[in-house]
Each structure stands twice: as structure tokens, then as C-alpha cells.
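Have a look at the structure below before the remarks.
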Amino acid sequence: MNDIKAMLSYVNVDDREEWVSAGMAVHSHVGDAGFVVWDDWSRLGRSYKEQSARAVWRSFKSGHGITIRTLAKIARERGYTGEISQKLWVAPVRNPNEDKAIIQRQQSAAREASNIIKQCHHEKGFPYLEYKGLGHVTGLVKDEVLYVPMRINQAIVGIQQIQKNGEKKFLFGQKTSGASFEIGNGDLNIFCEGYATGLTAYEIASKFARVRVHVCFSDHNMRKIASERGCGIVIADNDVSGAGEKAARLTGLKYWLSDTVGNDLNDDWCQSKMKTALNLQRFIMLNK
């Protein structure tokens, strides 16, 4: 199990797609005996919920096309240089069954996401948004859950589901890498992680600039999308771990960061709307 633990340490636990793939890989290799290792690693994630992790693990079945080679491949791509048994590592050959299984899950999740969005209604005052000081924002709601569409090239590939208490999750198997939710259609790109942060950034910046806010859902995905665009500014979460700032720095773009460790833009804004708005306005005017 030590080599599995080592490889997991290189996988982005906050990237839903990689998290699920890693779990499937461990399950395919050692069965239920691998849950403890995968779960211990999963607890490093910012949105970890034990009940959710157990439910996802129970959903893993044999023959899904993901093998331990998948974990080895991801770890290698992320910089892992440790020893990997030749039985596990066969590069750069791709397993066509693995690719097919991933694509089928992504297509199924995209269809489910589209169907859910069609059933939603527009609603103001959703409890989570009220708590975030954004009760005036109209969101897509169904069965007391807030849904945020996730798109790649305008096509829906998945959704983020937000409960009243702020608990978030994605559809099983959906594609998250490269997916975002855009607010506005201006020429100044603003990249951030969370939905509430994105709404707050738009609330402030749209009063003096034509902006397009890209909600990227994770620091890893924010880095990917912002780096690919190559222009704009980043609104980073000031995580205790430093992950948000690291991702922002690696984009090569100018980035805004809260002075308070543990805060994001929305946290600052809820604590002092005028001060935060002035700080962000000053930052944007100097760096756009």
C-alpha cells in the first residue's frame, strides 16, 4: 500500500474527476481493503464529507475500465518520480477501454446535468446565497437545491449542487477539468474558484468595468483555465494551506488575495463591503 499512498499524494484531491478516478483505481487493485488508504487521503480535501466518500466508494464496481495504471499515470503527470512496479506502469500506452468508460460516464453526466437544468426554476433568496450576502441574486433551484451549470465551449458538461447549508458536490463521472460558469460578457477576464466569490467579484467590478467572471470550482481548475486564457486577473482564496495563492501565482497573471488567512473575497465583502469593494477596485484599475 505504500506505493499507492505515495502516488495518491501527487493527485489533486480537490479535483472531483481525479479524486473519483483515483478511488476507482485503488478499488480495482485491492478491492475494499483500499478504502482506508483512499479515505485517509480524501480527508485532505476541502469539501470532504465522510458519508459522501463512503457512498462514492460503494458505487465503484469492477470492470469500469479504470485500473491502478490510471493512478500511476496521473501521479507521473503530477511529478511523481518514485518507483512503480512494471505491472502497474505501462506508458505512454492508453487503455482504450479505460478511455471509453470515462467518456461514457462524462456523456451520461452531461445529459443528466442538462435535464436537471431544464427542470430548475429561477429563484431569489436561496439560503446559501442569503448567508453569503447575495440573497438578491437569482439562481437555478430545484427541490431546494441550488444548481450551477458547468460548461466547456458553451456546452453543459456538469453541474455543481449546493445545499442550503453550503455543502457542495458534483455529478458522478462528470467532466470538471476545463469546465467553468461565466458571469457577464465583458472583455476583462476575472478568474476565481467559488460561485459566491464569482458573484461577489461581478457585484463589485461590473460597476466600473466590463468584466467576464469565470467561476472555476477549484484552485487546480482555476490555474488551468486562467493559464490557457493567458490574460486577465485572478481572485485567489487565501487558504490556510496556501493552495489558492500557489495556483494563482502559477497562472502568471496578477492576482488579488485577502489579507486574512482563511478568507476569500466573499468573506472579506461580508465583513466590510465598502472596504473590500474599494480594495478590489483599486487592484483592478492598476492591473487590468
Could you go through the range 155-168 in sequence order and give the Karplus-derived ³J(HN,Hα) for each residue, using 6.51 cos²θ - 1.76 cosθ + 1.60 with θ = phi - 60°, rounded to whole Hz, and x for Gly and Pro?
8, 6, 10, x, 8, 9, 9, 10, 7, 4, 7, x, 5, 10
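What value does the chain have for Rg/Rh, both radii from Cα atoms and Rh as Kirkwood defines it? Could you put the intermediate results ahead of the total?
Numbers: Rg = 19.6 Å, Rh = 20.0 Å.
Result: Rg/Rh = 0.98.
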Once ligands and nucleic acids are excluded and a 1.4 Å probe is used, how much of Lys275 is accessible, expressed in Å² to the nearest 10?
130
Stokes-Einstein at 20 °C, 1.002 mPa s, Kirkwood radius from Cα pairs: D for the range 192-238 in µm² s⁻¹?
198
Quote the accessible area belonging to Phe217 in square angstrom, nearest 10, computed with a 1.4 Å probe and with ligands, DNA and RNA left uncounted.
30
Which whole-percent values make up P(r) of the range 105-167 when all C-alpha to C-alpha distances are grouped in 5 Å steps starting at zero?
4, 19, 27, 22, 16, 9, 3, 0
Which order do Leu188, Leu278 take by accessible area at a 1.4 Å probe, largest first?
Leu278, Leu188
Does the range 152-232 come out rounded, prolate or oblate, given a ≥ b ≥ c as the square roots of the eigenvalues of its C-alpha gyration tensor, rounded meaning a/c under 1.5 and, failing that, prolate meaning a/b above b/c?
oblate
Within the chain, what percent of beta bridges assigned by DSSP are antiparallel, to the nearest 5?
65
Compute the separation of the alpha-carbon centres of the range 216-254 and the range 111-178 and state it in Å as a whole number.
22
In 5 Å bins starting at zero, report the fraction of Cα pairs in the range 137-277 per bin as a rounded %.
2, 10, 20, 23, 22, 16, 6, 1, 0
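From the protein chains alone at 1.4 Å, what is the descending order of accessible area for Met222, Met1, largest first?
Values: Met222 0, Met1 90 Å².
Correct descending sequence by accessible area is Met1, Met222.
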Long-range amide H partners of Arg212 with built H, under 5 Å:
Gly186, Leu188, Asn189, Ile190
Which ³J(HN,Hα) values, rounded to whole Hz and listed in residue order, are derived for the range 283-288 from phi using the Karplus coefficients 6.51, -1.76 and 1.60 in 6.51 cos²θ - 1.76 cosθ + 1.60 with θ = phi - 60°, glycine and proline given as x?
4, 5, 5, 7, 10, 6
Compare Cys120, Cys192 by solvent-accessible area with a 1.4 Å probe and give them largest first, with all protein chains kept in place.
Cys120, Cys192
Would you tell me the accessible area of Arg111, worked out with a 1.4 angstrom probe on the heavy atoms of the protein chains, in Å² to the nearest 10?
140
Any of Lys118/Lys169; Lys61/Lys168; Lys118/Lys273; Lys175/Lys207 with alpha carbons more than 30 Å apart? Name them for me.
Lys118/Lys273; Lys175/Lys207
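Accessible area per residue of the chain at 1.4 Å probe, in Å²? Present the calculation step by step, with values, prior to reporting the outcome.
Numbers: 14270 Å² over 288 residues.
Averaged over the residues of the chain, the accessible area is 50 Å².
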At a 1.4 Å probe, what is the % contribution of carbon and sulfur to the accessible area of the chain?
48
With θ taken as phi - 60° and the coefficients 6.51, -1.76 and 1.60, list the Karplus ³J(HN,Hα) couplings across the range 226-234 in order, rounded to whole Hz; mark glycine and proline as x.
5, 5, 5, 5, x, 8, x, 10, 10
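Could you work out the percent of alpha carbon pairs in the range 204-285 separated by over 21 Å, rounded to a whole number?
On the way: 851 of 3321 pairs.
Roughly 26 percent, once rounded to a whole number.
By average Cβ neighbour count within 10 Å, what is the ranking of 149-155, 223-229 from highest down? If you can, show how the numbers build up before the last one.
Values: 149-155: 14.6, 223-229: 18.7.
Descending mean neighbour count gives 223-229, 149-155.
The values are calculated or read from the model by the stated rules, or taken from the named source; none is laboratory data. Just so it is clear, the structure is predicted and the values come from calculations on it, not from any experiment. Every residue, glycine among them, receives a Cβ derived from its backbone with ideal geometry; neighbour counts consider all protein chains shown. For accessibility, only protein heavy atoms count, side chains too; no ligands or nucleic acids. Shrake-Rupley method; radii C 1.70, N 1.55, O 1.52, S 1.80 Å.
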